[in-house]
Amino acid sequence: DVLEGKSVGLFNRALYALGDFIIYGPLRNSLGMSRVSVGYTAGEAIGPEIFEFFRSIGINLKQLYGQTEAGVFVTMQPDGEVRSETVGVPAPGVELKIGENGEVLYRSPSSFVEYYKNSKSTNETKDNNGWVATGDAGFIEDGTGHLKIIDRAKDVGKLASGEMFAPKYVENKLKFYPNILEAVLFGKDKEKCVAFINIDLSSVGNWAEKENIAYGSYQELAGHPQVYDMIENHINEVNMDVSKDKMLSGCQIDRFLVLHKELDPDDGEITRTRKVRRQFVEDKYSDLVKALYDGSKSIKTETKVTYEDGREGSISATLEIRSAKLVK
């Protein structure tokens, strides 16, 4: 409230000033942010806890959405309208609309004229009326006018019910948990959504040591019942959060499994920049996807892997499949 210029009682203002002197100020200084008046975050979404942490210690952190083609800014958050789940309202002079396929379009005096010696890409991105296609899917909130980005437009689809399927929106929420390294959601043209989970070996390994859980390998740790319990709790929390969004409530995870190996660029499952190759993963692990949908409680699988030295081998495992809680 202090950062946003809202009315704050004298007692609370005095408490905040004391906290700023004793704790928040020194903490900002140790982070190298003692002179930061305003900060912006863009690109991939960050967890709401991280966003709120920086604001709680007195850093006026805001979200923005922009592109090189736009001359940087498309939307930004004014003081008093800062929220972790949106990217703000259109910047001055920028017009915004949502295309029929859910793609975010904008028009701005500062937008690019053309791609250098690439008229084909220019025509695919910018129409004759100056509207630029961002490649991102989202929607404009009623009442606030804030833009909410949910996924890449090419990844957005429909569930069998006709509800929106936006896998990355849910995957990002799952990856905000330090125990989850990667998540892959499936559900396009299906009745319900299912998911693969990769645990973070470092984070879960530290947790296992504190809980006196013995394990000999990634595979053994990933399949441990208590690890499944932990992941199930995370998924239930995400389902509760997703259920509050009317447009995306159908993306709740019905069933899941914890993969017996990390998704690896050497195996073609992710890129070198750790972007999931969704269709490749779905095809490679088609037996696991099928088991998630047919009601199986477990599945035995064998997966080919490529080691760092170039040798090839295989990993056999029996994976547990669990159901999560869906919120009506």
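The values are calculated or read from the model by the stated rules, or taken from the named source; none is laboratory data. No experiment lies behind these values; they were computed from the predicted model shown. As a convention, Cβ positions derive from the backbone with ideal geometry for all residues, glycine included, and neighbour counts pool all protein chains shown.
From the list 281, 289, 238, which residue is within 18 Å of residue 172 (Cα to Cα), touching a helix residue (DSSP H, G or I) at 6+ places or on another chain (Cβ under 8 Å) and either free of Cβ contacts under 8 Å to residues at least 12 places away in the same chain or assigned by TED's automatic domain parsing to the domain that holds residue 183 (or both)? The unique qualifying residue is 238. Scanning region 298-328 for residues that are assigned by TED's automatic domain parsing to the domain that holds residue 188, on the phi < 0 side of the Ramachandran plot, loosely packed, with under 10 Cβ neighbours inside 10 Å and part of a loop (DSSP other than H, G, I, E, B) returns 308, 309, 311.
Among the candidates 43, 32, 9, the residue that is without any contact (Cβ under 8 Å) to a residue 40 or more places away in the chain, out of contact with any helix residue (DSSP H, G or I) (no Cβ under 7 Å at 6 or more places or on another chain), closer than 30 Å to residue 115 by Cβ and small (Gly, Ala, Ser) is uniquely 43. If you scan region 244-293, which residues turn out to be surrounded by fewer than 16 Cβ atoms within 10 Å (Cβ to Cβ) and of a type in the set (Val, Ile, Thr)? Once the filter is applied, which keeps residues that are surrounded by fewer than 16 Cβ atoms within 10 Å (Cβ to Cβ) and of a type in the set (Val, Ile, Thr), region 244-293 yields 271, 273.
If you go through region 263-286 and keep only what is outside any helix (DSSP H, G or I) and of a type outside the set (Lys, Arg), you end up with 263, 264, 268, 269, 270, 271, 273, 276, 285. Considered as a group, the residues in region 66-99 that are buried (at least 20 other Cβ atoms within 10 Å of the Cβ) and among the hydroxyl-bearing types (Ser, Thr, Tyr) include one that is farthest from residue 144 (Cα to Cα), and that residue is 75.
The residues listed here are 257, 288; of these, the one that is within 30 Å of residue 308 (Cβ to Cβ), at pLDDT 95 or above, within 21 Å of the chain's Cα centre (by Cα) and not aromatic (Phe, Trp, Tyr) is 257. The C-beta contact set for region 165-181 (first residue assigned by TED's automatic domain parsing to the domain that holds residue 200 and polar (S, T, N, Q), second residue modelled with pLDDT of 95 or more and assigned to a helix (DSSP H, G or I), distance under 9 angstrom, 6+ apart or interchain) comprises 179/203; 179/204; 179/207; 179/227; 179/230; 179/231; 179/234. Kindly establish whether residue 120 is outside the structural domain of residue 164 (by TED's automatic domain parsing) and free of Cβ contacts under 8 Å to residues at least 24 places away in the same chain. The answer is yes for residue 120. The set of residues from region 146-204 being surrounded by 23 or more Cβ atoms within 10 Å (Cβ to Cβ) and among the small types (Gly, Ala, Ser) comprises 166, 183, 187, 195. Of all residues in region 146-163, those satisfying the criterion of being touching a residue at least 40 places away in the same chain (Cβ under 8 Å) and touching an Asp or Glu at 6+ places or on another chain (Cβ under 9 Å) are 146, 147, 148, 149, 150, 153, 156, 159, 161.
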